[in-house]
């Protein structure tokens, strides 16, 4: 099992790898500078547990890299980072299949929080006891569905639960994966169809 860091800028790649080594000292971390080297590298270095993907690579255009990775590894979380402001590219990246979007201007603490969240979501997803009333969702996930139903934004949810927005995104990612959906709208539709919302 390996974490793949794909970035053609050595300095940025080093920074990501340094944070990952702090979070997961025992994990095998593979550094690549182009996306077209990924398939061969996975064969040699082991199955991926997380992708850290620079949005702008020599062999990608826009969100094409995210789409390409998601097609081959649909269940592996992807952290995208870019110099572009989140307001410009975050929605497009999430829509393409990324699980979190990190601006390159983020501090190392913010970067660590985002990556820690994804690593935890992947490893702890099956550890949460399901809520008694749904048999499918944890207590926190049932709470999230109710908040989505009220139309609350990630920021509203973060304030209400006293957690960071990064953590909210990770909780939503876990919720969507648990339900087999890709968006808030699909999650709400699933919840209503399956009686997970009261009323």
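The values are calculated or read from the model by the stated rules, or taken from the named source; none is laboratory data. Note that the coordinates shown come from a computational prediction; the quantities given were computed from them, not determined experimentally. Note that each Cβ is placed from the backbone with ideal geometry, even for glycine, and that neighbours are counted across all protein chains shown.
In this structure, is residue 152 modelled with pLDDT of 90 or more, outside any helix (DSSP H, G or I), over 18 Å from the mean Cα position of the chain (by Cα) and outside the structural domain of residue 103 (by TED's automatic domain parsing)? Spell out the reasoning first.
Details: modelled with pLDDT of 90 or more: yes; outside any helix (DSSP H, G or I): yes; over 18 Å from the mean Cα position of the chain (by Cα): yes; outside the structural domain of residue 103 (by TED's automatic domain parsing): yes.
The answer is yes for residue 152.
Can you give me the number of residues within segment 19-41 that are in a helix (DSSP H, G or I) and touching a residue at least 40 places away in the same chain (Cβ under 8 Å)? Can you show your working first?
Residues of segment 19-41 that are in a helix (DSSP H, G or I), as a first pass: 19-23, 35-41.
Those still in the list that are touching a residue at least 40 places away in the same chain (Cβ under 8 Å) too: 19-20, 22-23.
Residues that pass the stated criteria total 4.
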Within segment 156-199, the count of residues that are closer than 17 Å to residue 101 by Cβ and not in a helix (DSSP H, G or I) comes to 3
Can you report the number of residues in segment 51-76 which are closer than 21 Å to residue 15 by Cα and assigned to a loop (DSSP other than H, G, I, E, B)? 4
Positions within segment 77-106 being in contact with a helix residue (DSSP H, G or I) (Cβ under 8 Å, 6 or more places away or on another chain), surrounded by fewer than 22 Cβ atoms within 10 Å (Cβ to Cβ) and assigned to a loop (DSSP other than H, G, I, E, B), in sequence order: 97, 104, 106
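Condition check: at pLDDT 90 or above, in a helix (DSSP H, G or I) and touching a helix residue (DSSP H, G or I) at 6+ places or on another chain (Cβ under 8 Å). Does residue 16 satisfy that? If you could, list the steps in order and put the result at the bottom.
Working: at pLDDT 90 or above: yes; in a helix (DSSP H, G or I): yes; touching a helix residue (DSSP H, G or I) at 6+ places or on another chain (Cβ under 8 Å): yes.
When the stated conditions are applied, residue 16 passes them.
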